[in-house]
Amino acid sequence: MFAAQTARMTKMNAGEISDHIAQSVKARLEQGGEHLQVKDVNGEHVGTVDHMDGDRVKLTKSDSADGQHHYLSLDQVESVDDVAVYLNVERSAIA
């Protein structure tokens, strides 16, 4: 019984932490994240932030191989600093 309770608590805490991280990332991007580089999990440049579009990060089309806007969900973002948005997925996972 204790193990089941601990597992449920861990899942809830992980969900709360993920929500907190997503909100922090969103706030950071809304406060001037435009034109930050975007790098995938391997450190490869995959685009440039255009702006936040709801709960998604919209990438510029001028930095896209196909000339189209692409979007990232906040759960694909690992971290953000003053230089770049770092993803937890590979380039191929970007829509």
Hits in region 81-93 - residues which are in contact with an Asp or Glu (Cβ under 8 Å, 6 or more places away or on another chain) and of a type in the set (Val, Ile, Thr): 89
For region 78-95 the number of residues that are assigned to a loop (DSSP other than H, G, I, E, B) and surrounded by 18 or more Cβ atoms within 10 Å (Cβ to Cβ) is 1
In region 44-53, what count of residues is obtained for those that are more than 13 Å from the chain's Cα centre (by Cα) and either closer than 12 Å to residue 80 by Cβ or without any contact (Cβ under 8 Å) to a residue 24 or more places away in the chain (or both)? 2
Of residues in region 62-77 being modelled with pLDDT under 90 and surrounded by fewer than 17 Cβ atoms within 10 Å (Cβ to Cβ), the one nearest to the chain's Cα centre (by Cα): 75
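The values are calculated or read from the model by the stated rules, or taken from the named source; none is laboratory data. Please read these numbers as outputs of a predicted model, since none were measured by experiment. Don't worry about glycine lacking a Cβ; one is built from the backbone with ideal geometry, like all the others, and counts go over all protein chains shown.
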